[in-house]
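To start, the structure itself, in structure tokens.
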Amino acid sequence: MKRARLGIAILLTAAAPIATRAQNPDTIFIQNATVLTVTHGNIEHGSILIRDGKIAAVGADLKAQEGVTVIDASGQFVMPGIIDCHSHIAIDGGVNEGAPAVSSMANIKDVLNPDDIDIYRDLAGGVTAANILHGSANPIGGQTIVIKLRWGKPASALPFEGALPGIKFALGENPKHSNFTVPPGVAARYPATRLGVEEVIRQAFTEAREYRKQWDDYNQRKAAGEQNLIPPRRNEQLEPLVEVLDGKRYVHVHCYRADEILMLMRVANEFGFKVRTWQHVLEGYKIADELAAYGAGASTFSDWWAYKMEAYDAIPYNAALMTERGVVVSVNSDDAQEARQLNQEAAKSMKYGGLSANDALKLITLNPAIQLGLDNRAGSIDVGKDADLAIYNHDPLSVYAVVQKTLIDGQVYFDRERDIAQRAELAKEKQALLDKEKKASEEKKPEKKPEQKNRPPKSDIADGGAARGAL
Amino acid sequence: VKTRARSWGRTWFVAILVAIPTWAQSTATSTTYAIQGGKIFTLAGAPIEKGTVIIRDGKIAAVGANVAVPSDAQMIDATGLQVYPGLFDPVTQIGLSEVSAVSATQDISELGDYNPELVAATAVNPASAHIAVTRADGITEVIAAPGTAGFDSQAGGIIAGQASAFHLAGWTMEEMQIKRSVAMVVNWPSIQTRAFDFSTFRVKQKPYSDVKKEYDKNVNQLSDWLDRARHYAQAKEKGSPALFERDLKLEALVPVVEGKLPVLVVADEERDIRNAEEFCSKQNLKMILAGGAEAWKVKELLKDKKIPVILGPTERLPEEEDTPYDKPMTQPSELFAAGIPFAFSSFGTAFSRRLPQYAGSAVAYGLPHDEALKAVTLNAAQIFGLADQLGTIEPGKLGNIIVTNGDPLEIQTQVRYLFIKGQLTSMDNRHRELYEQYRKRPKEAEQVAH
């Protein structure tokens, strides 16, 4: 544990100069790059002008004005920063409030941890924004938030400004605890079937409607000037669901099987709310036309399969087939490591299903931006959008591409050269701290503290069947 | 039958579906093939431009720029394509695991800490969907290792059983098997004070003194098993047959203590690797390190003791928070520079097809490309003593060959032809079938009512 904390301290120090130096709203000029705009083709020997954190100009004929900070990207590729539509990084403690079947009162926003080293690691993989989701232990889970990976900034500076908050729903094996051993002495939690999962959601929205009506009545009577009214009792579990009914909060649904996806469409239609994204949606290819007609986004894995029964029909052609049939598709990570290689995972849809290079790029840029309602701000290299960019040394759809720099709001948050240059000094600093601690412990002889190891797996595919029961 | 290869090339996908409904065209009568016109990466010398590979009776009969083509050979036109040895994934659970979360489909981990008599090949399911899915991406042979369950996970006791090497094609294990026993899997007892407990979904902490006591007990037991195996071997050789009592567990350990069967020691942290090496040295065991996340911290030791490493996925998070963010990807190039032999592996089942991606990522971070290619083919064959049969395209070796439309380590590259045991093998699989099936679903779907 002590070693681990030390690590955070060191890395924070390392990141500080990057952030401070870039805090000046400098004008930045990236030149000589292959610019993958995603919306209007690739520009060879292209340049990007960044002013006040926004993209001010893009093209092949731009010239650097005097006094601007120039990033020479000769031979390099610039693409929009990767948007990970399903992530569990930067969460302090567990990702699941799993005790109740409806945990909508829990909010990821309250437990954002800006010191999670996985923010930095994913940033180094070209990720600039992530949809930070609650786990999948409940049919209706906790509230979610979209962040930018502003490493070095406090938790309050992480949220993606203007992004609509969300809520996690989950269908299938996880909310019904199929792959989860209930500890001795603990009662099994309802539901245990897909029938029950549907019922929990239906019940919750029945209550949410009733709750909304109570408040509407109250507000009407109050507006009419009625005196001495007692407001309804506030219910933090139902309020987020009212926001869903009012279209003020996005629903992100963890789902696998085709039938359960159609089930939720029916329930959503009945209660008058809209699902925003289908997450995982591994059998989405079976009902691609229904998904396209419904109009919500599908956010899936590249090639994960067979880790549980409902993932046995998963195919790596899923993203391509759904795209072919008109669904807005993204490829997500659900895992701090997978996020570092999302460019490679997107490229797999070219191999499996024959997507074009630009459509493959969209899976991790423009499409997740659309899915999160942020395509006016991110997801492509267009004038007026946030300067969230990833610079690679090769075509990012190649396995040989390595991120050189990651920019958010026009600031360089990750720089590979700088990271490497700082390593020797950091190692020295760490050694000095270890020596100091060793010396102190020799003097005091305190009891040994255990090291941090075997962190709980965060992903849906993490080792061991039981783990899959909960994310 | 001489098939003109051009038409094959154009309609390869359909052709394979139709012409090779099963895993191979035939097994009764072995076909002779001539793969012609491609760039051949033999991995036993410089690549051959527009070369020819002749496969006969399941083996590579000839390879070169000017090779006589037998009149009965089926022609495979590889013009514009590239020819490589099939890829080899040396630590998997293929055949022992179908759906990870469904225990009925799991045959990886037996109860008990000492099971040297168990052999993976016993329970490899030749009908597993993973086999066809994996080979379609160019992996032609694997080793299934009992007691391993994904990288960083030791599932099946301390001596978990024997690992088996087999081809990813065949109706039965008799047809698939390369070598029934290639290594004894030992999950090195790691000193872990924090462990994640899946039953309660919580991290459990134990005091160091307790963990160390447990560790010492395990290592003493392991040592005791090996001593008993030595005594058993002596008794068998020199004792009275009338008084000799067979013990299947000890019998299985005899090749280990005699240094004939290597031990595949699963260990990741520096301390564990050092402890394991010290133990194996003392016990005169032939050690292969599996996992080796912190092998970069013990390069001198691994080099001095000539210990090869089967590396876990390069695409994983660093061990410690202050380990350089790219260490898992740069480690292979460091090991190569230090002269330590290593092979890449998936340590998985569903992710076995990511093997080339893991190697490609190491190239991105400094490993020479030709070394990465060897680390997914020849190196594993050498480490497990199978290089006389596998790993390169040389006469006399088994005909495990892939024909691709490009660099096999690159994500977008497609395998066009696949040969296993010298047979043209189908690349059809569960995933392609589902894709084709649902792609054909009529467009007039009845929509969910609003």
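The values are calculated or read from the model by the stated rules, or taken from the named source; none is laboratory data. These numbers were taken from a predicted model, which means no experiment stands behind them. Neighbour counts run over all protein chains shown; Cβ positions are idealised from the backbone, glycine included.
Comparison of B:Ile159, B:Ile131 shows that the only residue that is surrounded by 24 or more Cβ atoms within 10 Å (Cβ to Cβ) and under 30 Å from B:Ala34 (Cα atoms) is B:Ile131.
Here is a yes/no grid of residues against (1) surrounded by fewer than 24 Cβ atoms within 10 Å (Cβ to Cβ); (2) under 17 Å from the mean Cα position of the chain (by Cα); (3) more than 14 Å from every other protein chain (Cβ to nearest Cβ); (4) without any contact (Cβ under 8 Å) to a residue 40 or more places away in the chain:
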{"residue": "B:Ser352", "(1), (2), (3), (4)": "no, yes, no, no"}
{"residue": "B:Ser361", "(1), (2), (3), (4)": "no, no, no, no"}
{"residue": "B:His369", "(1), (2), (3), (4)": "yes, no, no, no"}
{"residue": "B:Leu398", "(1), (2), (3), (4)": "no, yes, yes, no"}
{"residue": "B:Gln437", "(1), (2), (3), (4)": "yes, no, no, yes"}
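From the list A:Gly93, A:Gly125, A:Gly98, A:Gly81, the lone residue that is crowded, with 18+ Cβ neighbours inside 10 Å and at pLDDT below 95 is A:Gly98. Residue count for region A:149-170 under the criterion of being buried (at least 19 other Cβ atoms within 10 Å of the Cβ) and in a loop (DSSP other than H, G, I, E, B): the result is 7. One residue stands out among those in region B:44-59 that are touching a residue at least 12 places away in the same chain (Cβ under 8 Å) and outside any strand (DSSP E or B): the one that is farthest from B:Lys374 (Cα to Cα), which is B:Asp57. Among the conditions (1) outside any loop (DSSP other than H, G, I, E, B); (2) within 11 Å of chain B (Cβ to nearest Cβ), the only one that A:Tyr400 does not satisfy is (1).
In region B:87-121, the qualifying residues are those that are in contact (Cβ under 8 Å) with a residue 40 or more places away in the chain and part of a helix (DSSP H, G or I), and the one that is nearest to B:Leu253 (Cα to Cα) is B:Ala120. Among the residues of region A:246-259, the one identified as within 13 Å of another protein chain (Cβ to nearest Cβ) and within 23 Å of the chain's Cα centre (by Cα) is A:Tyr256.
Here's the yes/no breakdown for (1) more than 21 Å from B:Gly391 (Cα to Cα); (2) away from every other protein chain (no Cβ under 14 Å); (3) out of contact with any Pro (no Cβ under 8 Å at 6 or more places or on another chain); (4) of a type outside the set (Phe, Trp, Tyr):
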position	(1), (2), (3), (4)
B:Asn275	yes, yes, yes, yes
B:Lys286	yes, yes, no, yes
B:Leu301	yes, yes, yes, yes
B:Glu320	yes, no, yes, yes
B:Pro324	yes, no, no, yes
B:Glu334	yes, no, yes, yes
B:Phe342	no, yes, no, no
B:Phe347	no, no, no, no
B:Leu355	no, no, yes, yes
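Only residues that are assigned to a loop (DSSP other than H, G, I, E, B) and more than 9 Å from every other protein chain (Cβ to nearest Cβ) were counted across region A:336-372, and they come to 7. Looking only at residues in region A:166-188 that are in contact with a strand residue (DSSP E or B) (Cβ under 6 Å, 6 or more places away or on another chain) and not β-branched (Val, Ile, Thr), which one is farthest from the other protein chains (Cβ to nearest Cβ)? Restricting to residues being in contact with a strand residue (DSSP E or B) (Cβ under 6 Å, 6 or more places away or on another chain) and not β-branched (Val, Ile, Thr), the top hit is A:Gly166. Note on region A:373-394: residues that are within 13 Å of chain B (Cβ to nearest Cβ) and free of Cβ contacts under 8 Å to residues at least 60 places away in the same chain total 0. Every condition in (1) charged (D, E, K, R); (2) within 30 Å of A:Glu310 (Cα to Cα); (3) part of a helix (DSSP H, G or I) is met by A:Glu173 except one, and the failing one is (3).
As a summary of the residue check, A:Glu243 satisfies the conditions (1) more than 24 Å from the chain's Cα centre (by Cα); (2) of a type in the set (D, E, K, R); (3) part of a helix (DSSP H, G or I) except for the one numbered (1). B:Gly339 meets the conditions (1) touching a residue at least 40 places away in the same chain (Cβ under 8 Å); (2) out of contact with any Ser or Thr (no Cβ under 9 Å at 6 or more places or on another chain); (3) on the phi > 0 side of the Ramachandran plot; (4) not aliphatic (A, V, I, L, M) in every case but one. The failed one is (1). Count, please, the residues in region A:100-148 that happen to be assigned to a loop (DSSP other than H, G, I, E, B) and either within 12 Å of chain B (Cβ to nearest Cβ) or at positive phi (or both). Count: 7. Looking only at residues in region B:185-207 that are part of a strand (DSSP E or B) and surrounded by 24 or more Cβ atoms within 10 Å (Cβ to Cβ), which one is farthest from the other protein chains (Cβ to nearest Cβ)? Looking at residues that are part of a strand (DSSP E or B) and surrounded by 24 or more Cβ atoms within 10 Å (Cβ to Cβ), I get B:Val186.
Which residues, taken from region A:272-299, are within 23 Å of the chain's Cα centre (by Cα), under 28 Å from B:Val102 (Cβ atoms) and more than 7 Å from every other protein chain (Cβ to nearest Cβ)? Correct list: A:Thr277, A:Trp278, A:Gln279, A:His280, A:Val281, A:Leu282, A:Glu283, A:Gly284, A:Leu291, A:Ala298, A:Ser299.
Cβ-Cβ distances below 7 Å connect the following pairs, each with a first residue in region A:300-323 that is over 24 Å from A:Lys362 (Cα atoms) and facing chain B (nearest Cβ under 7 Å), a second residue that is surrounded by 24 or more Cβ atoms within 10 Å (Cβ to Cβ) and of a type in the set (Gly, Ala, Ser), and a separation of six or more residues or different chains: A:Ala306/B:Ser100; A:Ala306/B:Ala350; A:Tyr307/B:Ser100; A:Tyr307/B:Ala350; A:Lys308/B:Ser100; A:Tyr312/A:Ala306. In this structure, A:Arg416 qualifies as surrounded by fewer than 18 Cβ atoms within 10 Å (Cβ to Cβ), in contact with an Asp or Glu (Cβ under 9 Å, 6 or more places away or on another chain) and within 13 Å of another protein chain (Cβ to nearest Cβ). Restricting region B:400-433 to residues that are basic (Lys, Arg) and within 14 Å of chain A (Cβ to nearest Cβ), the residue that is nearest to B:Gly64 (Cα to Cα) is B:Arg416.
Quick check on B:Glu277: is it buried (at least 20 other Cβ atoms within 10 Å of the Cβ), modelled with pLDDT under 95, within 29 Å of A:Leu434 (Cα to Cα) and in contact with a helix residue (DSSP H, G or I) (Cβ under 7 Å, 6 or more places away or on another chain)? So B:Glu277 fails the test.
When you look at A:Tyr190, is it of a type in the set (Phe, Trp, Tyr) and closer than 30 Å to A:Ile391 by Cα, yes or no? When the stated conditions are applied, A:Tyr190 does not pass them. Out of region A:32-75, which residues are surrounded by 20 or more Cβ atoms within 10 Å (Cβ to Cβ), of a type outside the set (A, V, I, L, M, F, W, C) and closer than 19 Å to A:Ile408 by Cβ? Scanning region A:32-75 gives a single hit, A:Thr37. Within 25 Å of A:Asp303 (Cα to Cα) and among the charged types (D, E, K, R) - does that describe any residue in region B:385-394? No, every residue in region B:385-394 fails to be within 25 Å of A:Asp303 (Cα to Cα) and among the charged types (D, E, K, R).
Checking B:Thr392, B:Thr377 one by one, the residue that is in contact (Cβ under 8 Å) with a residue 12 or more places away in the chain, surrounded by fewer than 23 Cβ atoms within 10 Å (Cβ to Cβ), in contact with a Pro (Cβ under 8 Å, 6 or more places away or on another chain) and hydroxyl-bearing (Ser, Thr, Tyr) is B:Thr392 and no other.
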